[in-house]
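S.K.: Got a structure here, written out as structure tokens. Questions coming.
Bear in mind that the values in this text are calculations on the coordinates, not laboratory data. Values in this document were obtained by computation on a predicted structure and should not be read as measured data. Virtual Cβ from ideal backbone geometry, glycine too; neighbours counted across all protein chains shown.
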Amino acid sequence: MKNQMHSDEKVWDTTKDVEAMLGPSAVVMSAIGLWQPPGGRPAGAKVLVTSAVLLMMLTIFLGGLVQLVLEPLPLEEILDAVFTCACSFTWGIRVMVIRLRQRRVQQLVVDVLNMRKRFTENAAALRKKYHRRGLMVCLAWVVFPALAVPMWFVEPAMTKKLVTTSENTTMVIRKTPFIMWMPMETQTHPNYEITYVAHLSLLVCSVSPTLIIDLFFACLMTAITADIDILNNNIANMRLYKEDGFTENSEKGVEVTATWETTYQSKKSLAEKSERVDDNTQVLATYSTDPYEQLHRTLAKNIQHHQTLMSIVGDLESIMSESSVLMLIVNSINICLQALGFVDAFRPGAKRSTVLKKVLTFPAYINQTAHFCWLGQAIIDQSERLQDSAFSCGWADADQRFCSSLRIFMLQASRPLKLQIGKIFTLSRNLFLQILNTSYTIFNMMINF
């Protein structure tokens with residue numbers, strides 16, 4: 001973007017605008033110091049909260065890794081330790097990316113806000129519709145983790161294992177939420193209770209910021225999709241509406257010299273738009289009175305809107321790229337690991353609490369992967385409509401200059417906007433199917449192992 005933020009450049013306080021666009025996710029991220037709205041108050045001591053979260057994620061990762069190295073474990077516990085190590089590593093990387101690229105994220109949000117302020121034609125209703133849709137997506141996003149996390153609280157307390165020692169005595173081994181090394185004996189009282197509470201704190205403090213980051217990017221992707229839909233409508237509604245100095249659909253026959261809105265289809269008359277007009281007053285504008293010139297100016301503004309969207313999608317892609325690739329790779333592995341719970345349900349002697357924990361965790365990772373791919377597919381679907389919208393406009397009544405510019409725009413729009421992460425994968429419906437296929441392949445290998 002042309003308007004880059006510099007360290008010494010003052011930006012207006014966007015806190016309220018950001019909260020209105022991105023919802024509760026931006027509020028929570030600001031509260032924990034993970035990210036601050038452009039022009040808002042500095043994070044200050046809140047950064048310590050983010051540092052503590054990163055330290056907790058590092059503790060889970062290193063603890064699980066040390067446990068795998070120091071002590072031979074059964075296959076089931078090895079898989080659990082690999083699962084927690086992979087998750088904590090991915091969570092930490094995502095939090096670090098947001099923190100280290102905070103200025104780029106702030107610039108991206110400023111660009112989106114500027115776009116929403118600059119391009120307002122026929123936008124209010126659609127943006128409100130997509131905002132409601134974004135809130136529904138966020139609600140659906142939270143439901144599955146909210147079902148899975150309580151089972152991680154309860155399941156270890158319900159799982160006990162009897163071990164016979166070399167002295168022919170039976171000892172009860174109680175399970176902890178995480179398979180990780182601890183610098184003390186965890187089976188004695190009150191060490192077990194302390195370990196249990198510490199693990200639960202690590203779980204909540206690690207999962208919550210990751211979920212908030214997901215919602216943050218989901219709201220951004222929804223806002224971008226809304227503007228592409230707005231652009232589609234504005235392009236399809238480009239028409240020549242002036243005939244003999246009068247607007248074609250004016251109820252009162254108001255004489256109009258030139259206005260920007262006359263090139264768009266609208267159900268509202270100028271009077272309904274709070275314009276100061278009457279039957280004997282002309283509406284003056286700074287643009288040419290030539291309707292063909294007005295139509296071309298409208299096309300130029302829509303092209304600028306499209307160029308702005310291209311830049312914003314490119315910036316979002318560069319911010320999400322590496323961490324999203326890692327997340328999707330880990331998710332494909334975690335999906336098959338948790339799918340083993342369905343197999344365990346049919347095995348004799350399987351613990352119901354363990355099976356239920358895996359069965360409830362499985363849709364949480366499916367949900368996260370599916371939502372990102374679905375939002376990416378929405379951007380592709382809306383941008384693929386741009387050519388059809390351009391062909392649906394009133395180009396047949398326009399002059400040669402307009403048609404030539406429209407052909408150039410259609411050539412540019414032939415390459416749909418998309419979020420390509422890692423320069424390899426595109427967030428789309430096909431990627432989701434590929435991830436499921438990969439997970440199923442790994443699942444079959446593990447079943448036959």
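S.K.: Put a dot 7 Å past each Cα toward the Cβ at GLN187 and ILE93; how far apart are the dots in nm?
M.R.: The answer from the label model is 3.6 nm.
S.K.: Using alpha-carbon pairs under 8 Å, 6+ residues apart, how would you state the relative contact order of the range 15-447 in percent?
M.R.: 18
S.K.: Lys and Arg at +1, Asp and Glu at -1: add these up for the other residues within a Cβ distance under 15 Å of ALA52 and post the number.
M.R.: Overall, the nearby charge balance is +2.
S.K.: Here is a further query. Could you tell me the calculated FRET efficiency between ILE424 and GLU71, based on Cβ-Cβ distance and R0 = 45 angstrom, to the nearest 0.05?
M.R.: It comes out at approximately 0.75.
S.K.: How far is it, in nm, from the label point at VAL172 to the one at ALA396 when both lie 7 Å from their Cα along the line to the Cβ?
M.R.: In this crude spin-label approximation the distance works out to 8.3 nm.
S.K.: Evaluate 2.2 N^0.38 Å with N set to the residue count of the range 1-143, then give the Cα radius of gyration divided by it.
M.R.: That works out to 1.37 for the range 1-143.
S.K.: Send over the Kirkwood Rh of the range 318-434, from the inverse of the averaged 1/r over different Cα pairs, rounded to one decimal Å.
M.R.: Evaluated on the range 318-434, it is 17.4 Å.
S.K.: Next question. Please work out the Cα center distance from the range 397-440 to the range 89-118, rounded to the nearest Å.
M.R.: One Cα centre to the other: 23 Å.
S.K.: Quick one: of LYS161/LYS358; LYS129/LYS418; LYS128/LYS301; LYS160/LYS358; LYS129/LYS358, which pairs are farther than 27 Å apart, Cα to Cα?
M.R.: LYS129/LYS358
S.K.: How much of the calculated P(r) for the range 15-447 lies past 41 Å, in percent of all Cα pairs?
M.R.: Distances greater than 41 Å cover 33 percent of the Cα pairs.
S.K.: While we're on this one: From the backbone phi of the range 189-195, what are the Karplus-calculated ³J(HN,Hα) couplings (6.51 cos²θ - 1.76 cosθ + 1.60, θ = phi - 60°) in whole Hz, Gly and Pro given as x?
M.R.: 8, x, 4, 5, 5, 5, 4
S.K.: List the residues, sorted by chain then number, that are 5 or more residues from LEU34 or on another chain and whose placed amide H is less than 5 Å from its amide H.
M.R.: Those qualifying (amide H under 5 Å, at least 5 residues apart or on another chain) number zero.
S.K.: Further, regarding this structure: What is the extension gain from LEU79 to ARG415, computed as 0.36 nm multiplied by their sequence separation minus the C-alpha to C-alpha distance, in nm to one decimal?
M.R.: Going from the current span to full extension adds 116.7 nm.
S.K.: Just to be sure I understand the model, the point goes 7 Å from the Cα along the line to the Cβ. What's the resulting ILE194 to ASN122 distance in nm?
M.R.: So the two model labels end up 6.7 nm from each other.
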